[in-house]
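J.: One structure coming up, written as structure tokens, with questions to follow.
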Amino acid sequence: MGQLTLRISIQENDNTIGFTLVGRLAGPWVAELEQAWKDVSKRLGGKQLSLDVRDLTYSDAGGKRVLRDMFARGRAAFITDSDWSHHFAEEIRGYNGNFAQGRA
């Protein structure tokens, strides 16, 4: 995978929907994540949403805006495993907590 790409993986079961983000969330990839979120949000219902940002390496302002929307509207839990990913999740959440360590 190149340095300027983003891989979005979506895992869904009866109770949860999880987004795993790998790479850089910037430029045209922001619109890709936003469209994926619009598609998935219709099926969210009472399912728990998780956002795995362990392998996210960067996000521009547009990417942070989409993640804030996902967090707020989906009551998302973040999956983090490093100081950077934990700090990034805190920034998106507004420093209010709700983190998961390791794989959900």
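The values are calculated or read from the model by the stated rules, or taken from the named source; none is laboratory data. Because the structure is a prediction, the values reported are computed rather than measured. All Cβ positions, even for glycine, are placed from backbone atoms using ideal geometry, and neighbour counts span all protein chains on display. When the accessible area is computed, the model is the full protein with side chains, heavy atoms only, and any ligands, DNA or RNA have been set aside. Shrake-Rupley method; radii C 1.70, N 1.55, O 1.52, S 1.80 Å.
J.: For T5 and Y58, calculate 0.36 nm times their separation in residues minus their Cα-Cα distance, and state this gained length in nm to one decimal. Working shown, then result.
T.: On the way: separation 53, 0.36 × 53 = 19.08 nm, distance 1.05 nm.
Residue separation times 0.36 nm, minus the Cα-Cα distance, leaves 18.0 nm.
J.: With a 1.4 Å probe and every protein chain kept in, tell me what percent of the accessible surface of segment 13-67 is carbon plus sulfur.
T.: Looking at segment 13-67 in its full context, I get 48 percent from C and S.
J.: Can you find, among Q48, W84, L67, the residue farthest towards the positive end of the dipole of segment 46-95? Put +1 on the C-beta of Lys and Arg, -1 on that of Asp and Glu.
T.: Q48
J.: Please list, ordered by chain and number, the residues whose modelled amide H lies under 5 Å from the amide H of A77; skip anything fewer than 5 residues away on the same chain.
T.: Residues meeting the criterion, in which the H sits 1.01 Å from N, are L49, S50, L51.
J.: Calculated from the structure, mean projected area of the Cα convex hull in nm² equals which of (i) 6.0; (ii) 11.0; (iii) 8.2?
T.: (i)
J.: Going by amide H atoms built from the backbone, whose H comes under 5 Å of the H on L56, apart from near neighbours?
T.: G23
J.: Nothing charged except the Cβ atoms of Lys and Arg (+1) and of Asp and Glu (-1): what's the magnitude of the dipole of the chain about its Cα centre? Round to the nearest 20 debye. Before the final figure, lay out the partial values.
T.: On the way: 14 positive and 13 negative charges, 59 e Å.
Here the size comes out at about 280 debye.
J.: Something else: Take K38, K64 and sort them by solvent-accessible surface of the protein heavy atoms, 1.4 Å probe, largest at the top.
T.: Numbers: K38 105, K64 45 Å².
So, going from the largest accessible area down, we get K38, K64.
J.: Give me the distance in nm between label points sitting 7 Å out from Cα along the Cα-to-Cβ direction at Q35 and D14, one decimal.
T.: It is 3.3 nm.
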